[in-house]
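The values are calculated or read from the model by the stated rules, or taken from the named source; none is laboratory data. Keep in mind the model is a prediction, meaning the values are calculated, not measured. Please note: Cβ atoms are built from the backbone with ideal geometry, for glycine as well, and neighbour counts cover all protein chains shown. Ligands, DNA and RNA are stripped out before the accessible areas are found, and what is left, the full protein with its side chains, is counted by its heavy atoms. Shrake-Rupley method; radii C 1.70, N 1.55, O 1.52, S 1.80 Å.
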Amino acid sequence: MDKPENSAHKRILIIDDEEHFAQVLSRSLTRLGHHTACANNAEQAIAAITQDSFDWISLDLRLGQDSGLTLISQLQSHAKESRIVILTGFASIPTAVEAIKLGAFNYLHKPATVKELLHAFEDGSEEEAVIEASPMSVERLEWEHIQRVLHENEGNVSSTARVLGMHRRTLQRKLQKHPSRN
């Protein structure tokens, strides 16, 4: 399918293992005039990108057993001009840095609005491209630190709790909460 003439209307591939989320996001983007396709795993994503061209790709960090980070280079080899935004519920500073190094255009944490996702894909002037100077909240900093230590301990909650010096149940309660948005 040809790319739309109107630059406001993009071809967007949504790669997310949560089928319901992908469908809801697809419907929202379609209502705004974009053309969308969904893939729920790495195989479907590669099949979609080889069969069609996309301007933008929304990529989940965790795709079941697959990692969105390892998928970035495969997607780029088939779609060099596509912009990839990582959209994840497991945001952390180390994965954000890694995603950008691997070629992702931007990185967002869920829950994100459709407006935030579209803004993450768009070109901005140098001034807009600079990360906003507002500092992270203490809650967000704590969340990021816990996620980094949890990652270092390969997801082991007991080991992570020992390293952080907190009770395992306290850590489990903190992990069940959604991260602060700022």
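Listed residues SER77, SER58, SER73; which is within 13 Å of the chain's Cα centre (by Cα) and at negative phi?
SER58
Give the residue, chosen from ILE93, ILE72, ILE100, that is within 22 Å of THR36 (Cβ to Cβ) and β-branched (Val, Ile, Thr).
Just a single option satisfies the conditions, and that option is ILE72.
If you check ALA99 against the conditions, is it farther than 30 Å from HIS145 by Cα and open to solvent by less than 10 Å² (accessible area, probe 1.4 Å)? First the steps, then the outcome.
Values: farther than 30 Å from HIS145 by Cα: no; open to solvent by less than 10 Å² (accessible area, probe 1.4 Å): yes.
No.
Please note which strands (runs of 3 or more DSSP E) are completely contained in the range 33-111 and include at least 2 residues that are under 23 Å from TRP143 (Cα atoms) and in contact with a helix residue (DSSP H, G or I) (Cβ under 6 Å, 6 or more places away or on another chain).
Here the list reads 83-88, 106-109.
Can you confirm whether LEU63 is modelled with pLDDT under 90 and either out of contact with any Leu (no Cβ under 6 Å at 6 or more places or on another chain) or within 26 Å of GLU144 (Cα to Cα) (or both)?
yes
Quick one: what pairs do we get from the range 138-154, first residue of a type in the set (Asp, Glu), second open to solvent by less than 80 Å² (accessible area, probe 1.4 Å), C-beta under 7 Å, 6+ apart or different chains?
As it stands, the answer is GLU139/SER180; GLU144/SER92, since those pairs meet every condition given.
So if I check each of LEU32, LEU69, LEU61, LEU108, which one is surrounded by 21 or more Cβ atoms within 10 Å (Cβ to Cβ) and either of a type in the set (A, V, I, L, M, F, W, C) or in contact (Cβ under 8 Å) with a residue 40 or more places away in the chain (or both)?
LEU61
Tell me, which residue of the range 41-58 that is touching a His at 6+ places or on another chain (Cβ under 9 Å) and aliphatic (A, V, I, L, M) is least open to solvent (accessible area, probe 1.4 Å)?
Here the residue is ILE49.
Checking THR88 against (1) open to solvent by 10 Å² or more (accessible area, probe 1.4 Å); (2) closer than 24 Å to LYS177 by Cα, which single condition isn't satisfied?
So THR88 meets the others, but not (1).
Looking only at the range 4-18, decide whether some residue is without any contact (Cβ under 8 Å) to a residue 24 or more places away in the chain and over 22 Å from PRO94 (Cβ atoms).
Within the range 4-18 (the criterion being without any contact (Cβ under 8 Å) to a residue 24 or more places away in the chain and over 22 Å from PRO94 (Cβ atoms)), the answer is yes, since at least one residue qualifies.
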